[in-house]
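Heads up, the thing below is written out as structure tokens.
The values are calculated or read from the model by the stated rules, or taken from the named source; none is laboratory data. It should be emphasised that the depicted structure is a prediction, and the values quoted were computed from it without experimental measurement. Because the Cβ atoms are built from the backbone with ideal geometry, glycine has one as well, and the counts that use them run over all protein chains shown.
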Amino acid sequence: MTATSFAAPDWRSILYVPANAPRFIASAHRRGADAIALDLEDSVPPSEKELARSGLRAAARTVGQGGADVVVRINRPLSLAVRDIEAAVCSDVQALMITKVEGPSHVRLLDELVTECEAREGLTPRAIRFILLIETAAAFDAMPEIAAASPRTMAMALGSEDLALDCDFVASDEVMLYPKQRLILAARAAGIVPIGYIGSIVSLDDDAAFRAMVRRSRQFGFSTATCIHPRQVAIVNDEYGVQPGELALARRIVDEGARHAAAGIGAFKLDGKLIDAPIVERAERVIRRAQTLAEPPL
């Protein structure tokens, strides 16, 4: 059994928005992100956290008005997490981003609290889903158990800077390559979505370098990522979406696969390349993702 009992959403982009910034909240729904993460953690100073909580439900309605799913990133320690969860669990929020996950018991504890909050709000059980952030060496070592700890869990991501701090190494692309590959494998094994990039964001002004990094990240197995600036959203949506040429090729592969299968042939050549069952299945996934995203319109 995988960690989740429901299909994870086909998000490409998740745009961070500080939960204490009315100007950014007001415009977030126009940015084109598949999900918007109202941040109660790093982007909100301690003196502003209570104010951010008090306006959270109104903020969730505002950022979600364009159809994006709404995520709330909560704090550690537990005393802050409890208040964040009590403020966040409502009908306008679809997921919580759990920071600095300690281990499976930590996830189960917060699951219990969210269950109580859902009941008070009259929500369907397990309406609120979890995105788990792996940010310590201990959590990294326990990723398979953490990913399977709650049926709410739909995705997992690596907090590169926090993990690097905990391990006393530099969060460079070279150093983080192995941890991120491990995260991708642990998430996929659990049937949940790995969120992130293989590289790092060097400059917010270098769109070409950012696009190349996102494209490389997709090749490694990421299909969803967070954006810290609205200008990144269109690039992430494009690179983590389905290109027209990619969709056309996938359709040809599936059609040829069906034709050859009907003739009792399992492997065949297309455009000089050998096509067998895994490649046909990958093409079917591309078509399903395009249908879900409606990109391009079908």
Can you report the number of residues in the range 118-138 which are in contact with an Asp or Glu (Cβ under 9 Å, 6 or more places away or on another chain), farther than 30 Å from residue 171 by Cα and of a type in the set (A, V, I, L, M)? 2
If a residue must be within 17 Å of the chain's Cα centre (by Cα), closer than 16 Å to residue 89 by Cα and of a type outside the set (Asp, Glu), how many such residues does the range 32-55 contain? 3
If a residue has to be over 22 Å from residue 36 (Cβ atoms) and part of a loop (DSSP other than H, G, I, E, B) to count, how many in the range 201-228 make the cut? 5
Mind listing just one residue for me: the one in the range 229-245 that is surrounded by fewer than 14 Cβ atoms within 10 Å (Cβ to Cβ) and not basic (Lys, Arg) and, of those, farthest from residue 37 (Cα to Cα)? 245
Residue list for the range 150-200, restricted to those being in a loop (DSSP other than H, G, I, E, B), of a type outside the set (A, V, I, L, M, F, W, C), more than 20 Å from residue 76 (Cβ to Cβ) and touching a residue at least 40 places away in the same chain (Cβ under 8 Å): 151, 191, 200
Can you name the residue in the range 114-139 that is in a loop (DSSP other than H, G, I, E, B) and among the hydroxyl-bearing types (Ser, Thr, Tyr) and is also farthest from residue 92 (Cα to Cα) among such residues? 136
Counting only residues in the range 159-189 that are in contact with a Pro (Cβ under 7 Å, 6 or more places away or on another chain) and either closer than 22 Å to residue 37 by Cβ or basic (Lys, Arg) (or both), the one surrounded by the most Cβ atoms within 10 Å (Cβ to Cβ) is identified as 187
Since residue 235 meets every condition but one in (1) within 17 Å of residue 12 (Cβ to Cβ); (2) assigned by TED's automatic domain parsing to the domain that holds residue 274, which condition does it not meet? (2)
Is at least one residue of the range 265-276 in a helix (DSSP H, G or I), surrounded by fewer than 14 Cβ atoms within 10 Å (Cβ to Cβ), over 19 Å from the mean Cα position of the chain (by Cα) and not assigned by TED's automatic domain parsing to the domain that holds residue 224? no
Look at residue 132 and say whether it is modelled with pLDDT of 95 or more, surrounded by fewer than 20 Cβ atoms within 10 Å (Cβ to Cβ) and among the aliphatic types (A, V, I, L, M). no
Filter pass, residue 146 being touching a residue at least 40 places away in the same chain (Cβ under 8 Å) and in a helix (DSSP H, G or I): yes
Quick one: would you say residue 257 is in a loop (DSSP other than H, G, I, E, B), free of Cβ contacts under 8 Å to residues at least 40 places away in the same chain and not assigned by TED's automatic domain parsing to the domain that holds residue 34? no
Considering the range 135-161, residues that are among the β-branched types (Val, Ile, Thr) and closer than 17 Å to residue 110 by Cα, and then whichever is farthest from the chain's Cα centre (by Cα), we arrive at 146
